[in-house]
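Report on the following structure.
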2 protein chains.
Amino acid sequence: MSRKFVCTPTEPVVQTKAGKLRGYAVDGTYTFHGIKYADAKRFQMPTEVEPWDGVKDAMSYGYICPILADPVPMGEVMVPHRYWLSHENCQYLNVWTQSIDSSSKKPVMVWLHGGGFTAGSSIEQVAYDGENMSKYGDVVVVSLNHRLNILGYLDLSPFGEQFKNSANAGNADLVAALKWIHENIANFGGDPENVTLFGQSGGGMKIWSLMQTPSADGLFQKGIIESGVLSGFLNGAKGNGTLIVSAMLEELGFEKNDAEKLVTVPYAVLAEAYKKVAPSIAKQGAYIGCAPMQNDFYLGDPCEVGFTEHAKTIPVMIGTVLGEFAFGPGIPNKHQLSQSETEAMIVKKYGDNADQLMQLFQEAYPEKHLTDLLDLDSLFRAPTKDFIAKKAAYNQAPTYSYLFAFEFPYDDGKAAWHCSELPFVFHNTEKVPICNVPGISDRLEEQIFGAWIHFAKSGNPNGAELPEWPACQPRDEATMVFDRTCAVKHNFDNELIDLHHKVASKLPFEGTVLY
Amino acid sequence: MSRKFVCTPTEPVVQTKAGKLRGYAVDGTYTFHGIKYADAKRFQMPTEVEPWDGVKDAMSYGYICPILADPVPMGEVMVPHRYWLSHENCQYLNVWTQSIDSSSKKPVMVWLHGGGFTAGSSIEQVAYDGENMSKYGDVVVVSLNHRLNILGYLDLSPFGEQFKNSANAGNADLVAALKWIHENIANFGGDPENVTLFGQSGGGMKIWSLMQTPSADGLFQKGIIESGVLSGFLNGAKGNGTLIVSAMLEELGFEKNDAEKLVTVPYAVLAEAYKKVAPSIAKQGAYIGCAPMQNDFYLGDPCEVGFTEHAKTIPVMIGTVLGEFAFGPGIPNKHQLSQSETEAMIVKKYGDNADQLMQLFQEAYPEKHLTDLLDLDSLFRAPTKDFIAKKAAYNQAPTYSYLFAFEFPYDDGKAAWHCSELPFVFHNTEKVPICNVPGISDRLEEQIFGAWIHFAKSGNPNGAELPEWPACQPRDEATMVFDRTCAVKHNFDNELIDLHHKVASKLPFEGTVLY
């Protein structure tokens, strides 16, 4: 059915601090793509964009940050992608909103994409499209690109004061985007005092790192951290850049200490040099960048150094999915396996711990097929539980826990993988066919989407058609398990995850890392 | 609303000549992405893929061909893109079908993408998605990637027999794809004896070049050429590769005649060398490749050398759009201009010919705003009319003419631009917001889509809810003008286009070439 498209010389036009922007409207959803929120020279802090006269069009997604790897097309039925054009001048954001009246003051939801701190973009996944979230949730949705990998997170500070915070340039872009939102979002119908960050994987890590970043204090009020706590992830960002940058300079044939040369060399050349020298430096356990570095800009991992006083006051919703890295093929003929065949597979993987894990798994997930234990994640779940326990212990702002355990209609039924909740979160299951189970997935989408929207509106996810969902209390993790039937379970997987994490962290890594 | 997703270990699985492939189904549309239809070494003819055992997944779009340029994100509201991962090993196709029963014998529609012979891909535009076309048309839709630019069209034949047909390698990929379709499409529910090529811009050029390619005879039965005849477009492909390849060898520091070196140098390096040396060789009027070269594989432009006996027998539907290269901003306040303001703008552009052009334009398009004359295309329309006249004169197979003249709801009303009919053709206006005019665009979509589907089924576009549309006769061009009201007009713009083409071909090129 036709929708009403509006884009005239005068409508919709919004005044921003730097100048006027024109977007378009579809059935009342105002859409602005590719708004430049900052400029930046390589390795430098971002600066405000230059003002302009007249009206600029904001109808094409902006450049995304170049990445180190050459991705291979794969797994598209599980995680459909939208690749885009890249350039290091990538400080762009997108806005979807139901109003451009500055008195509307609708909740603002800011999407921080995944891909660690090295890859991804605001539009990398088909599921990231913000139109439905804005329309069905009556919220202002913002998504954004920022500097990644060595452009965003490489410490050159030992090579000169001019590179003081290059190790956190990517996160500084995020702060600049939040500042742009704070100053401009009212004219897009948003409430600058009600900004919720939500992000998955690296996007979740960005949220807790921004909670620990004083210059971001007051620029957002709440956070939804989805599969965003992974043990030891930031270890490569400890120390400083002396070794890695020296090695890059040598590899490129530049003088020792002449880091200025790295400012002008083409990105592709810089990236090749980094990829060549980084592995051996990583092996020494030294700093290789590609994640925020603790300094006076970023105060460090809250689970290691403690939450800042401000971070303690931020309501957080946080969770993981059942299978996370289970990107590989499903268990063949899962539902036709005999009990003994099933047990044999589990013993093969978990050895002496198999019996106890099976018992704990069946207690935690009585309705699940036992083979899902083969896909069970604890690499995210264990440190996420630790985050929850520590945050809840402060008892200063609510912390809500969830676990996404939906079985997808793929192969013989596949445990939820990393990213797989996102089409539900964005109300975009219509765009991602694998999510669709007639009679089931629409309801689950309303429940998950509703919880995210309610949390963004009020800091409390209750209100959607879900069982009552209490915040976690010290030593009481109340977890909303999102599944065909949603239910809150208290401390339901503590023993399972404890044991699994001990066992799994010694197993060879079996997953396929798409991110 | 949820749709039914099916992808089990056994369903949907299709047997091809080389092995079994698994796709997925959504509400009964079977979908196979990224099927490898051929392999090829650089500059060599494609070969059949190696057979495999077991079942391969075909659920991720394959690599697209690398391109020479770095595109800039722009014009997305007019032509939304889907960029993708590139690699010269890019012989992949996609299939959407309503049946995988080999007795179904449904019409097959093969989409050849635009971008000249240098750029683009099977999924470059959001509008190219084949699901709706298959579902609403009950046809098998195939789209494909092939080698482009210097990978597909660079003549190295003067440098050795091993490079005999490198100048047409990209079109040889197309023939390989058509051969794959001929041999395999029955198992995807298609009729290998009822294959219609449709393509726009470069895609249209591919169709008429394949009509003149003996090895493609019998591999397709009909063609729909959309904005695919452009005067002088292939001039750069005349002569042979001696000059350009010698210049590239010199630029790269390789020995004269050592063209083998060009086989192994990375594409990015090859492309840089080409881009550096090509302009000066083009200035001399010499061959620079990037389009098919006339030889015993490809017999040449039918309007120059005459249609082959086989080409004469192929039913063709062919047309253009009103504005083609009118990608720039619309005429400001078009509908508020006074008659004298309007005329002043037209006189400014067309000088002494303005009065006659205005009269002819108003006769051809009495319902159009006079400022649309400023956007009127004749660069495609004039040679397209020549193609139609020549083809119809043979009188051996029907030739249907159309013109897409829809005014889009953008700025103050914008004349149809290059590519703008595609969302209607693919039944994808729901995916491209700018097409949407409530009460108007849905009906136009049914009419255009219906005509394309009827032509694919029977070689005759009649049957959709359109006025009777006769084939062209010698000296009688019966043109279906697709607009808010569709109508057939006979020789309605002959004088207009004659004069406009004479005038416009002397004007500086004002358009923005996105393709």
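The values are calculated or read from the model by the stated rules, or taken from the named source; none is laboratory data. From a predicted model like this one, the values you see are computed outputs, not experimental measurements. Don't worry about glycine lacking a Cβ; one is built from the backbone with ideal geometry, like all the others, and counts go over all protein chains shown.
Within the stretch B:58-108, restricting attention to residues that are under 30 Å from B:G459 (Cα atoms), outside any strand (DSSP E or B) and of a type in the set (D, E, K, R), which residue is farthest from the other protein chains (Cβ to nearest Cβ)?
B:K105
Which of the residues spanning the stretch A:13-34 are surrounded by fewer than 20 Cβ atoms within 10 Å (Cβ to Cβ) and away from chain B (no Cβ under 13 Å)?
A:Q15, A:K17, A:A18, A:G19, A:K20
Test B:Y402 against the criterion of being within 15 Å of B:F492 (Cα to Cα), more than 20 Å from the chain's Cα centre (by Cα), buried (at least 21 other Cβ atoms within 10 Å of the Cβ) and of a type outside the set (A, V, I, L, M), and give yes or no. Walk me through it before giving the result.
Working: within 15 Å of B:F492 (Cα to Cα): yes; more than 20 Å from the chain's Cα centre (by Cα): no; buried (at least 21 other Cβ atoms within 10 Å of the Cβ): yes; of a type outside the set (A, V, I, L, M): yes.
Taking the combined requirement at face value, the residue does not satisfy it.
So if I check each of A:L379, A:L403, A:L357, A:L337, which one is touching a residue at least 40 places away in the same chain (Cβ under 8 Å), among the aliphatic types (A, V, I, L, M) and within 30 Å of B:R3 (Cβ to Cβ)? Break it down stepwise before answering.
Details: A:L379 fails: within 30 Å of B:R3 (Cβ to Cβ); A:L357 fails: within 30 Å of B:R3 (Cβ to Cβ); A:L337 fails: touching a residue at least 40 places away in the same chain (Cβ under 8 Å).
Going through A:L379, A:L403, A:L357, A:L337 in turn, just one is touching a residue at least 40 places away in the same chain (Cβ under 8 Å), among the aliphatic types (A, V, I, L, M) and within 30 Å of B:R3 (Cβ to Cβ): A:L403.
Residues in the stretch B:380-388: is at least one touching a strand residue (DSSP E or B) at 6+ places or on another chain (Cβ under 6 Å), within 14 Å of another protein chain (Cβ to nearest Cβ), surrounded by 22 or more Cβ atoms within 10 Å (Cβ to Cβ) and closer than 20 Å to B:G75 by Cβ? Don't jump to the end; show me each part of the working.
First pass over the stretch B:380-388, keeping only residues touching a strand residue (DSSP E or B) at 6+ places or on another chain (Cβ under 6 Å): B:380-381, B:384, B:388.
Subset that is within 14 Å of another protein chain (Cβ to nearest Cβ): none.
For the stretch B:380-388, residues touching a strand residue (DSSP E or B) at 6+ places or on another chain (Cβ under 6 Å), within 14 Å of another protein chain (Cβ to nearest Cβ), surrounded by 22 or more Cβ atoms within 10 Å (Cβ to Cβ) and closer than 20 Å to B:G75 by Cβ: absent.
Among A:I224, A:I244, A:I181, A:I185, which is the only one that is touching a helix residue (DSSP H, G or I) at 6+ places or on another chain (Cβ under 7 Å), over 16 Å from A:A291 (Cβ atoms) and modelled with pLDDT of 95 or more? Steps first, answer last, please.
On the way: A:I244 fails: over 16 Å from A:A291 (Cβ atoms); A:I181 fails: touching a helix residue (DSSP H, G or I) at 6+ places or on another chain (Cβ under 7 Å); A:I185 fails: touching a helix residue (DSSP H, G or I) at 6+ places or on another chain (Cβ under 7 Å).
One residue alone meets the criteria, A:I224.
Could you grab me the full set of residues in the stretch B:115-131 that are more than 13 Å from the chain's Cα centre (by Cα) and surrounded by fewer than 24 Cβ atoms within 10 Å (Cβ to Cβ)?
B:V126, B:D129, B:E131
On the given criteria, is B:G236 modelled with pLDDT under 95, crowded, with 18+ Cβ neighbours inside 10 Å, over 30 Å from B:G459 (Cα atoms) and not β-branched (V, I, T)?
Details: modelled with pLDDT under 95: yes; crowded, with 18+ Cβ neighbours inside 10 Å: yes; over 30 Å from B:G459 (Cα atoms): yes; not β-branched (V, I, T): yes.
Here the answer is yes, as B:G236 does meet what is asked.
Tell me yes or no: at least one residue of the stretch B:392-407 is out of contact with any strand residue (DSSP E or B) (no Cβ under 6 Å at 6 or more places or on another chain), on the phi < 0 side of the Ramachandran plot, within 14 Å of chain A (Cβ to nearest Cβ) and assigned to a loop (DSSP other than H, G, I, E, B). Let's see the steps before the verdict.
Let us first name the residues in the stretch B:392-407 that are out of contact with any strand residue (DSSP E or B) (no Cβ under 6 Å at 6 or more places or on another chain), namely B:393-398, B:406-407.
The next check asks that each one be on the phi < 0 side of the Ramachandran plot; those that pass are B:393-394, B:396-398, B:406-407.
Now drop any that are not within 14 Å of chain A (Cβ to nearest Cβ), which leaves B:406-407.
Applying the additional criterion that residues be assigned to a loop (DSSP other than H, G, I, E, B) yields B:406.
Yes, there is a match, as at least one residue in the stretch B:392-407 is out of contact with any strand residue (DSSP E or B) (no Cβ under 6 Å at 6 or more places or on another chain), on the phi < 0 side of the Ramachandran plot, within 14 Å of chain A (Cβ to nearest Cβ) and assigned to a loop (DSSP other than H, G, I, E, B).
Determine if the stretch A:426-436 includes at least one residue that is within 22 Å of A:D476 (Cβ to Cβ) and outside the structural domain of A:D301 (by TED's automatic domain parsing).
The first filter runs over the stretch A:426-436 and keeps only residues within 22 Å of A:D476 (Cβ to Cβ), leaving none.
Within the stretch A:426-436 (the criterion being within 22 Å of A:D476 (Cβ to Cβ) and outside the structural domain of A:D301 (by TED's automatic domain parsing)), the answer is no, since none of the residues qualifies.
Does A:H33 meet the test of being farther than 30 Å from A:Q162 by Cα, outside the structural domain of A:N436 (by TED's automatic domain parsing) and modelled with pLDDT of 95 or more?
Working: farther than 30 Å from A:Q162 by Cα: yes; outside the structural domain of A:N436 (by TED's automatic domain parsing): yes; modelled with pLDDT of 95 or more: yes.
Yes.
Identify, please: which residue in the stretch B:423-477 is of a type in the set (V, I, T) and under 20 Å from B:V108 (Cα atoms) and is, among those, farthest from the other protein chains (Cβ to nearest Cβ)?
Here is the first cut: in the stretch B:423-477, the residues of a type in the set (V, I, T) are B:425, B:429, B:432, B:434, B:437, B:440, B:448, B:453.
Narrowing the set further to residues that are under 20 Å from B:V108 (Cα atoms) leaves B:425, B:448, B:453.
Values: B:V425: 17, B:I448: 14, B:I453: 20 Å.
Filtering the stretch B:423-477 for residues that are of a type in the set (V, I, T) and under 20 Å from B:V108 (Cα atoms), the one farthest from the other protein chains (Cβ to nearest Cβ) comes out as B:I453.
Please specify each residue of the stretch A:415-446 satisfying the condition of being of a type outside the set (A, V, I, L, M, F, W, C), over 20 Å from the mean Cα position of the chain (by Cα) and surrounded by fewer than 20 Cβ atoms within 10 Å (Cβ to Cβ).
Just the residues of the stretch A:415-446 that are of a type outside the set (A, V, I, L, M, F, W, C), to begin with: A:418, A:420-421, A:423, A:427-431, A:433, A:436, A:438-439, A:441-443, A:445-446.
When the remaining residues are screened for being over 20 Å from the mean Cα position of the chain (by Cα), the result is A:430, A:433, A:436, A:438-439, A:441-443, A:446.
A:E430, A:P438, A:G439, A:D442, A:R443, A:E446 - these are the residues of the stretch A:415-446 that are of a type outside the set (A, V, I, L, M, F, W, C), over 20 Å from the mean Cα position of the chain (by Cα) and surrounded by fewer than 20 Cβ atoms within 10 Å (Cβ to Cβ).
I'd like to verify a number: residues in the stretch A:486-498 that are part of a helix (DSSP H, G or I) and touching a Leu at 6+ places or on another chain (Cβ under 6 Å), how many? Quick ask: steps written out before the conclusion?
Going through the stretch A:486-498, the residues part of a helix (DSSP H, G or I) turn out to be A:494-498.
Filter once more, so that each one left must be touching a Leu at 6+ places or on another chain (Cβ under 6 Å): A:495-496.
Looking only at that region, the number is 2.
Residues B:K385, B:K391, B:K414: which one is out of contact with any Cys (no Cβ under 9 Å at 6 or more places or on another chain) and more than 22 Å from A:K4 (Cβ to Cβ)? It would help to see each step written out before you state the result.
Details: B:K391 fails: out of contact with any Cys (no Cβ under 9 Å at 6 or more places or on another chain); B:K414 fails: more than 22 Å from A:K4 (Cβ to Cβ).
So the residue among B:K385, B:K391, B:K414 that is out of contact with any Cys (no Cβ under 9 Å at 6 or more places or on another chain) and more than 22 Å from A:K4 (Cβ to Cβ) is B:K385.
Checking the conditions here, which among B:S104, B:S134 is crowded, with 18+ Cβ neighbours inside 10 Å and touching a strand residue (DSSP E or B) at 6+ places or on another chain (Cβ under 8 Å)?
Details: B:S104 fails: crowded, with 18+ Cβ neighbours inside 10 Å.
Among B:S104, B:S134, only B:S134 is crowded, with 18+ Cβ neighbours inside 10 Å and touching a strand residue (DSSP E or B) at 6+ places or on another chain (Cβ under 8 Å).
Would you pick out the residues in the stretch B:149-163 that are surrounded by fewer than 24 Cβ atoms within 10 Å (Cβ to Cβ) and either assigned by TED's automatic domain parsing to the domain that holds B:A216 or part of a helix (DSSP H, G or I) (or both)? Reasoning before the result, please.
In the first step, residues of the stretch B:149-163 are kept if they are surrounded by fewer than 24 Cβ atoms within 10 Å (Cβ to Cβ); the result is B:157-163.
Selection gives B:S157, B:P158, B:F159, B:E161, B:Q162, B:F163.
Which of the numbered conditions does B:L219 fail, given that it passes all the others? Conditions: (1) in contact (Cβ under 8 Å) with a residue 60 or more places away in the chain; (2) assigned by TED's automatic domain parsing to the domain that holds B:D70.
All conditions are met except number (1).
Filter the stretch B:170-187 down to residues that are under 25 Å from B:I67 (Cα atoms) and polar (S, T, N, Q), then give me how many there are.
Total satisfying the criteria: 1.
Cβ-Cβ distance below 8 Å, separation of 6 or more or different chains: which pairs start in the stretch A:129-141 with a residue that is in the same structural domain as A:T31 (by TED's automatic domain parsing) and closer than 19 Å to A:H81 by Cβ and end on one that is at pLDDT below 95 and surrounded by fewer than 24 Cβ atoms within 10 Å (Cβ to Cβ)?
Listed pairs, sorted by first residue: none to list.
Can you find, within the stretch B:55-80, the residue that is modelled with the lowest pLDDT among those that are of a type outside the set (K, R) and surrounded by fewer than 18 Cβ atoms within 10 Å (Cβ to Cβ)?
Only one residue tops the list, namely B:D70.
Looking at (1) within 14 Å of another protein chain (Cβ to nearest Cβ); (2) in a loop (DSSP other than H, G, I, E, B), which one does A:C419 not meet, given that it meets all the others?
So the condition that A:C419 fails would be (1).
Looking only at helices (runs of 4 or more DSSP H) that fall completely inside the stretch B:264-359, which ones have 3 or more residues that are small (G, A, S)?
Working: elements: B:267-283, B:302-305, B:309-312, B:339-350.
Qualifying helices (runs of 4 or more DSSP H): B:267-283.
Can you go through A:P329, A:P292, A:P302, A:P279 and tell me which one is within 26 Å of A:R147 (Cβ to Cβ) and surrounded by fewer than 14 Cβ atoms within 10 Å (Cβ to Cβ)? Don't jump to the end; show me each part of the working.
Values: A:P329 fails: within 26 Å of A:R147 (Cβ to Cβ); A:P292 fails: surrounded by fewer than 14 Cβ atoms within 10 Å (Cβ to Cβ); A:P302 fails: surrounded by fewer than 14 Cβ atoms within 10 Å (Cβ to Cβ).
A:P279 is the lone residue from the list that is within 26 Å of A:R147 (Cβ to Cβ) and surrounded by fewer than 14 Cβ atoms within 10 Å (Cβ to Cβ).
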